[in-house]
């Protein structure tokens, strides 16, 4: 745990996040000042065009005009750089777009709503495939290994297909010799004969990480037969984008390890025991997307940033729980911060004790921790206004996406719907 303790200050102060956001994001968040500069530039440009007919000023005007054009271009590059992480969907490798074209902010037809739901099911499945992840061995898989083990103990039974574990011949011998062999067997040999451990090993060697059931919580409209509302579509699409960000950030770490193993001539070690991120238990998001919209439940950390929703951005508190190599914790935080505008606000962790039997999760030999990391997600309205339903637009400009309602006395109040 020394690695985490020595670097705790960096996590607490959010240095990783600050380095990831960069000056472009802060320039965007200072949008009023930039907008004022651009307005002044446009005014100067207009003045130049007005004075352009005077031959005496031609050279001076052309020089000033060139300077102004370059300044405008520089401002546009700054804004584009600030928004780039959200204009581009790293998981899909393309510019951000909805699963069905033009389904948001208002679907064109009920057919588009149904098509969205069908594509949403496929997109949710892609998260696990991108991570090369699944759960531990199932009861059916363990039962299969038990049947193989039982059959191997039955001498001369050739009616059962044991695959690669088919006995290669009789192992007759007296009981004393058998007992001696049992005592001399290594732990590894014992585990390989233990059906649950064998099933767990087979699963582990086929994946990069474990993924708990509903670690990426799907929207309820995925399984019901009702036509999704426009609010359903927004919640499902926005939470999918968030889930894709985190899946990409995690996959990037494990993919990097795979490349390192290949470069070292150890491609055969490209499985979960040797990956930095071992398991995703859940990703949770607060219901701050307008009239709900959360994913999974969690006790979210209080934010130290004091950043709230306004006409430029909306905020979503997020929490992820992972089993990870101790030395890779900061690298994961950095990877999340670099895929979007995510600020770490709290990190809790505990050591994971080794499971000698390795009969469920196979984590490998490196020191590992079970970490819960809170982030504050910032999403720029300049990008997402193109997708936000009109009935949610005003609420997303209020802290916690509160809805404004009228009281009987005519006064307005805000509350979550």
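I want to confirm something. Restricting to the range 346-359 and keeping residues that are crowded, with 17+ Cβ neighbours inside 10 Å and under 23 Å from residue 199 (Cβ atoms), which single residue is modelled with the highest pLDDT? Ranking the qualifying residues of the range 346-359, first place goes to 352.
The set of residues from the range 93-140 being loosely packed, with under 15 Cβ neighbours inside 10 Å, touching a helix residue (DSSP H, G or I) at 6+ places or on another chain (Cβ under 7 Å) and touching a residue at least 40 places away in the same chain (Cβ under 8 Å) comprises 106, 121. Residues that are under 18 Å from residue 88 (Cα atoms) and either more than 20 Å from the chain's Cα centre (by Cα) or not assigned by TED's automatic domain parsing to the domain that holds residue 292 (or both): does the range 330-341 have at least one? No, that holds for no residue.
One line per residue, one yes/no per condition, for (1) under 22 Å from residue 211 (Cβ atoms); (2) touching a helix residue (DSSP H, G or I) at 6+ places or on another chain (Cβ under 6 Å); (3) not assigned by TED's automatic domain parsing to the domain that holds residue 100:
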position	(1), (2), (3)
280	yes, no, no
343	no, yes, no
364	yes, yes, no
381	no, no, no
385	no, no, no
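Is there a residue in the range 406-414 that is at pLDDT below 95, under 21 Å from residue 306 (Cα atoms) and surrounded by fewer than 17 Cβ atoms within 10 Å (Cβ to Cβ)? Yes: the range 406-414 contains one or more residues that are at pLDDT below 95, under 21 Å from residue 306 (Cα atoms) and surrounded by fewer than 17 Cβ atoms within 10 Å (Cβ to Cβ).
The values are calculated or read from the model by the stated rules, or taken from the named source; none is laboratory data. Quick caveat, the model's predicted, so the values are computed rather than measured. Glycine also receives a Cβ, built like all others from the backbone with ideal geometry; neighbour counts cover every protein chain displayed.
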